[in-house]
Amino acid sequence: MAIKKGTEIAPAKGKLGVLLVGLGAVSTTFIAGVEAIKMGLAEPIGSLTQMGTVRLGKRTENRSPAIKDFVPLASLNDLVFGAWDIFPESAYDAAMHAGVLEKDLLAKLKTPLQKIKPMKAVFDQNYVKRLNGENVKKGKNKFDLAEQLIAEIEEFKRKNKCARLVMVWAASTEIFLKQHAVYKTLKSFEQAMRDNHKAIAPSMIYAYAALKLGIPFANGAPNLTVDIPAMMELADQMGAPLCGKDFKTGQTLMKTILAPGLKSRMLGLHGWYSTNILGNRDGEVLDDPESFKTKEESKLSVLEHILQPDVYPALYKDFSHVVRINYYPPRGDNKEGWDNIDIFGWLGYKMQIKVDFLCRDSILAAPLVLDLALFLDLAQRVGMKGVQEWLSFYFKSPMTAPGLYPEHDIFIQLMKLKNTLRHLRGEDLITHLGLEYYD
Ligand SMILES: NC(=O)c1ccc[n+]([C@@H]2O[C@H](COP(=O)([O-])OP(=O)(O)OC[C@H]3O[C@@H](n4cnc5c(N)ncnc54)[C@H](O)[C@@H]3O)[C@@H](O)[C@H]2O)c1
């Protein structure tokens, strides 16, 4: 059921527990960043919830409140962090290990970071071939593991006096899984968990536990996880919002900025070759062909959807799109992404664009984790449940209602997000028509 304009929103009272699956580069950069911002050591750059504004009414009205003043979001001071990982290191040690943030900064954040110790993970090496760790739960079967997670989450909530919780998957990319008959209904999914069926990946066990407790869930990796009918059924039953998949950072962010621009000028595309060198643990995991396949599918889909070759065959039929990721340890988290774009213009004359993005993966991803946690919590207080398409802005492979194609164009995604906020607060949507200024 659609949420009505200007609907009532429950206030963001009390503590919000942010449960992170995976305490690696992204999670620790996110937590450390929030702690640094709280101490006044840094600004929340890259976070729309903290730095963004939303224009209201006509351009002549000069009304552009900060998003965090416009909608009731949890304050950074009310966030409490919990995490699971297959390695027992604290958030401080894991952040040192990830090597994203400088040691000096981490030293100032040592006290809060050291307190965050990961709970034992639900893990199976069959789904992430390149990793193995000791901090792992044992259980009779996958259903039993889900029940252990549920009890642990309830305990976390009690111990930390949280009013509400959200869960974000920021753990390693699992192997590629296709839709399977056992995902069709909640009943068949639960039975498959009891049967230890191989179609049930660890990420699904976490997501099941979260949704079963009505906790919103965001999937930061390209794994199938919640993108199956059984999870939709559970989210609907429990009133939990969900979104995914795969944080949109780095090269795909650039792609969804550039491609809409090329299309807006009706410039054609012969090919887009993308390659990356990356040396963090994520890069190591993606060096396994089965995990890479999951990532590749996610990265490849964006151009087709933005450029619409069916609608514009003369411009975009049969363009070549290649994506490579190469694990190259010396670079650590500081990825380098190259794009060679072969375009054509007036009368078919060829041109080339080269992009060399020296980015920092986790620096780009951390603010997305913050925004997703805060927006998912908002969605739940509004009474929104199931797939949150308005959060497509944050993902490489946005989830949508069945049968609907995803919007990948970042500018459309941002408009969708801001219009959703306007709608929730009873403001008029902005169409950018503007003819009224010339009456
Ligand atoms: N950084 C980015 O820009 C970006 C963008 C899109 C997606 N992602 C995805 O986000 C995820 C995290 O990235 P990262 O750079 O932090 O990777 P990372 O390897 O540093 O951290 C992932 C952590 O998850 C842990 N882990 C693996 N399986 C687990 C399980 N079943 N339960 C609990 N913990 C588990 C690992 O031990 C590791 O510590 C990856 O899947 C990555 O593909 C990252």
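The values are calculated or read from the model by the stated rules, or taken from the named source; none is laboratory data. Because the structure is a prediction, the values reported are computed rather than measured. Don't worry about glycine lacking a Cβ; one is built from the backbone with ideal geometry, like all the others, and counts go over all protein chains shown.
Provide a single number: the residues in the range 341-382 that are of a type in the set (Ser, Thr, Tyr) and surrounded by fewer than 23 Cβ atoms within 10 Å (Cβ to Cβ).
Of the residues in the range 341-382, 1 are of a type in the set (Ser, Thr, Tyr) and surrounded by fewer than 23 Cβ atoms within 10 Å (Cβ to Cβ).
Which of the residues belonging to the range 171-222 are of a type in the set (A, V, I, L, M, F, W, C), within 15 Å of Leu242 (Cβ to Cβ) and not in a helix (DSSP H, G or I)?
Correct list: Leu213, Ile215, Phe217, Ala218, Ala221.
Just give me the residues in the range 276-302 being more than 8 Å from the ligand (Cβ to nearest atom), in contact with a helix residue (DSSP H, G or I) (Cβ under 6 Å, 6 or more places away or on another chain) and β-branched (Val, Ile, Thr), in sequence order.
Hits for the range 276-302 are Ile277, Val302.
Taking the range 240-261 as the search range and keeping residues that are touching a Leu at 6+ places or on another chain (Cβ under 7 Å) and in a loop (DSSP other than H, G, I, E, B), which one is farthest from Trp338 (Cα to Cα)?
By that ranking, first place goes to Ala240.
Determine the pairs where a residue that is more than 23 Å from Val285 (Cβ to Cβ), located within the range 130-144, has a partner that is within 9 Å of the ligand (Cβ to nearest atom) and among the hydrophobic types (A, V, I, L, M, F, W, C) with Cβ atoms under 9 Å apart, the partner being 6 or more residues away or on another chain.
Listed pairs, sorted by first residue: Gly139/Val122; Phe143/Ile205.
Only one residue in Gly17, Gly82 is outside any helix (DSSP H, G or I), touching a Phe, Trp or Tyr at 6+ places or on another chain (Cβ under 7 Å) and either hydroxyl-bearing (Ser, Thr, Tyr) or away from the ligand (no atom under 16 Å from the Cβ) (or both). Which one?
Matching residue, one of Gly17, Gly82: Gly17.
Taking Pro309 as the residue in question, decide whether it is surrounded by fewer than 20 Cβ atoms within 10 Å (Cβ to Cβ), in contact with a Lys or Arg (Cβ under 6 Å, 6 or more places away or on another chain) and modelled with pLDDT of 95 or more.
Judged against the criteria, Pro309 is a match.
Could you please let me know if Tyr273 is out of contact with any helix residue (DSSP H, G or I) (no Cβ under 8 Å at 6 or more places or on another chain), at pLDDT 95 or above and not small (Gly, Ala, Ser)?
Taking the combined requirement at face value, the residue satisfies it.
Specify the residue that is nearest to Thr29 (Cα to Cα); the eligible residues are those in the range 154-176 that are surrounded by fewer than 24 Cβ atoms within 10 Å (Cβ to Cβ) and within 14 Å of the ligand (Cβ to nearest atom).
Within the range 154-176, the match that is nearest to Thr29 (Cα to Cα) is Ile175.
Has the range 267-279 got any residue that is surrounded by fewer than 16 Cβ atoms within 10 Å (Cβ to Cβ) and over 17 Å from Asn340 (Cα atoms)?
Scanning the range 267-279 turns up no residue that is surrounded by fewer than 16 Cβ atoms within 10 Å (Cβ to Cβ) and over 17 Å from Asn340 (Cα atoms).
Need the failing condition index for Asn62 against (1) closer than 24 Å to Trp169 by Cβ; (2) free of Cβ contacts under 8 Å to residues at least 40 places away in the same chain, just the number.
(1)
Only residues that are in contact (Cβ under 8 Å) with a residue 12 or more places away in the chain and either in contact with a Leu (Cβ under 9 Å, 6 or more places away or on another chain) or polar (S, T, N, Q) (or both): list them for the range 94-116, please.
Passing the criteria: Ala94, Ala95, Leu101, Leu105, Leu106, Lys108, Leu109, Leu113, Gln114, Ile116.
Of the residues in the range 119-129, how many are without any contact (Cβ under 8 Å) to a residue 60 or more places away in the chain, basic (Lys, Arg) and over 23 Å from Lys157 (Cβ atoms)? Even if it seems obvious, please write down each step before you answer.
Of all residues in the range 119-129, those without any contact (Cβ under 8 Å) to a residue 60 or more places away in the chain come to 119-120, 125.
From the residues that got through so far, the ones that are basic (Lys, Arg) too are 120.
Remaining after also requiring over 23 Å from Lys157 (Cβ atoms): none.
Qualifying residue count, the range 119-129: 0.
Given the range 262-381, what helices (runs of 4 or more DSSP H) lie entirely inside it while holding 3 or more residues that are more than 21 Å from the chain's Cα centre (by Cα)?
Values: elements: 281-286, 289-307, 313-316.
Hits in the range 262-381: 313-316.
Here is a list: Ile67, Ile45. Which entry is within 16 Å of Leu372 (Cα to Cα) and within 16 Å of the ligand (Cβ to nearest atom)? Walk me through it before giving the result.
Numbers: Ile67 fails: within 16 Å of the ligand (Cβ to nearest atom).
Residue meeting the stated conditions: Ile45.
Since Phe217 meets every condition but one in (1) closer than 21 Å to Leu391 by Cβ; (2) within 15 Å of the ligand (Cβ to nearest atom); (3) of a type in the set (A, V, I, L, M, F, W, C); (4) in contact with a Lys or Arg (Cβ under 7 Å, 6 or more places away or on another chain), which condition does it not meet?
Condition not satisfied by Phe217: (4).
Which of the residues spanning the range 43-77 are part of a helix (DSSP H, G or I) and surrounded by 17 or more Cβ atoms within 10 Å (Cβ to Cβ)?
The answer is Leu48, Thr49, Gln50, Ile67, Lys68, Phe70, Leu76.
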